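What follows is a set of notes on a single structure, which appears directly below.
The values are calculated or read from the model by the stated rules, or taken from the named source; none is laboratory data. Fair warning: this is a prediction, and the values are worked out from it, not measured in the lab. Note that each Cβ is placed from the backbone with ideal geometry, even for glycine, and that neighbours are counted across all protein chains shown. With ligands, DNA and RNA removed, areas are computed over all heavy atoms of the protein, side chains included. Shrake-Rupley method; radii C 1.70, N 1.55, O 1.52, S 1.80 Å.
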Amino acid sequence: MTIEHVSTPSTSVNTRKRSFRDALVRVSQMREFTLILIIVAMFIGMSFASPYFLTWANMKAMLLSFSTEGIVVVGMTMLLIVGGIDLSVGAVMCLAMVFAAKLFMLGMNPWLASLASIGFSGFIGWLMGLCVTRLGLHHFIVTLAFMGLARGASMIITQGTPISLFTLPPEFKFVGQGTLFGVPFSIIIFFVVIIISDFLLRNAKAFRKIFYTGSNEKAAQYSGVNTNKVKLYVTVLSSALCGLAGIIYMSKFGAATPNFGVGLELNIIAAAVIGGASLKGGEGTIFGAILGIALLSVVSSSLILLDVSVYWQEFIKGLILLAAVAADHHLHQKSKAKS
């Protein structure tokens, strides 16, 4: 062995330092890293601005708030990656609650009613997917129409009156109100959903087709990907997740209200885009989307604790969405210029 090939302790240490430095640079260049910094900065700032911010009660309220919406964000992120969008998420959640509540009131077991409701939500997604893939309509128009249809159906079924479910069995209420080892059960469901979906999106070949379809649909078709089938399945999955979120809300509140989820789509789309999902398709991560909904939850909590008017809260959320869309457009232009 020659002297040049002998690895001394000092060169080994230098190599480890360089690897560590390279890893830090790679992490700092991730889009999610900026979001984490913003969230940490808001936590530090709000801990000084309000004595109630860092309390367990507030943390729990934030977690509960974004965990159920986070399930819907997972579906929305996949839809954005495939090049679609869903404006009907709030209305489908509401209809899922109303549908399950009505079945329960008719005497059906609440678990069966919930499964039927999630299946019904997936069926709505299948109808929307057919309109997109068979009729060639854009997700935006189709889901806008179904938003009205689902909201109208909820009103027709309930006659505009909330359905109270005082007789729900305790084991069903546990889904939305119970805790396991001190952790709210709905948060555990949320983590199970994001872990499974993140794993599938990163590793499963079938889910990688979502990226291929959203990045370049023509190229994906030439590569043998049935893009229509991919878009159909993703739309069904997104609606079914809306149904699951609706059932958790029904269990939590013990009621189904026909005006639930109005304007929710704004939060969901904003969270996914802030988290890195592109409105032009082909980009996005579940981790980023969850950070996006966490950021919005921190913003909402901060505005409430700072006693900001509810009108200004909506205005500020609109500004955040505008900034996220502008950043998305800027990044795409930059990427185009590089290529």
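Do you know which residues across region 321-339 are at pLDDT below 75 and surrounded by 11 or more Cβ atoms within 10 Å (Cβ to Cβ)? Matches in region 321-339: Leu321, Ala324, Val325, Ala327, Asp328, His329, Leu331, His332, Ser335. For Leu180, the conditions (1) over 24 Å from the mean Cα position of the chain (by Cα); (2) over 21 Å from Asn259 (Cα atoms) all hold with the exception of (1). Does Ala270 satisfy the condition of being more than 10 Å from the chain's Cα centre (by Cα) and either within 23 Å of Val192 (Cα to Cα) or touching a residue at least 12 places away in the same chain (Cβ under 8 Å) (or both)? When the stated conditions are applied, Ala270 does not pass them.
So which residues in region 231-261 are of a type in the set (S, T, N, Q) and either within 14 Å of the chain's Cα centre (by Cα) or modelled with pLDDT of 95 or more (or both)?
Filtering region 231-261 for residues of a type in the set (S, T, N, Q) gives 235, 238-239, 251, 257, 259.
Within region 231-261, Thr235, Ser238, Ser239 qualify.
Please find, within region 163-181, the residue that is least open to solvent (accessible area, probe 1.4 Å) out of those that are more than 14 Å from Phe104 (Cα to Cα) and not in a helix (DSSP H, G or I). My answer is Gly178. Pairs linking a residue in region 94-123 that is closer than 25 Å to Thr143 by Cα to a residue that is basic (Lys, Arg) and assigned to a helix (DSSP H, G or I), with Cβ atoms under 7 Å and 6 or more positions apart or on different chains, are Cys94/Arg151.
Of the numbered criteria (1) part of a loop (DSSP other than H, G, I, E, B); (2) under 23 Å from Phe146 (Cβ atoms); (3) not small (Gly, Ala, Ser), the one Leu241 fails is (1). Taken over region 46-76, the residue count meeting the criterion of being out of contact with any Asp or Glu (no Cβ under 7 Å at 6 or more places or on another chain), touching a residue at least 60 places away in the same chain (Cβ under 8 Å) and not charged (D, E, K, R) is 20.
Table: residues versus (1) within 18 Å of Leu95 (Cβ to Cβ); (2) of a type in the set (Ser, Thr, Tyr); (3) under 24 Å from the mean Cα position of the chain (by Cα).
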| residue | (1), (2), (3) |
| --- | --- |
| Val142 | yes, no, yes |
| Ile156 | yes, no, no |
| Lys173 | no, no, yes |
| Ala206 | no, no, yes |
| Glu217 | no, no, yes |
| Ala220 | no, no, no |
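Applying the criterion of being open to solvent by less than 30 Å² (accessible area, probe 1.4 Å) and not in a helix (DSSP H, G or I) to the residues of region 66-125, the residue that is nearest to Glu171 (Cα to Cα) is Ser88.
Give the residues of region 58-94 that are small (Gly, Ala, Ser) and on the phi < 0 side of the Ramachandran plot, sorted by residue number. Spell out the reasoning first.
Restricting attention to region 58-94, the residues satisfying the condition of being small (Gly, Ala, Ser) are 61, 65, 67, 70, 75, 83-84, 88, 90-91.
Selection gives Ala61, Ser65, Ser67, Gly70, Gly75, Gly84, Ser88, Gly90, Ala91.
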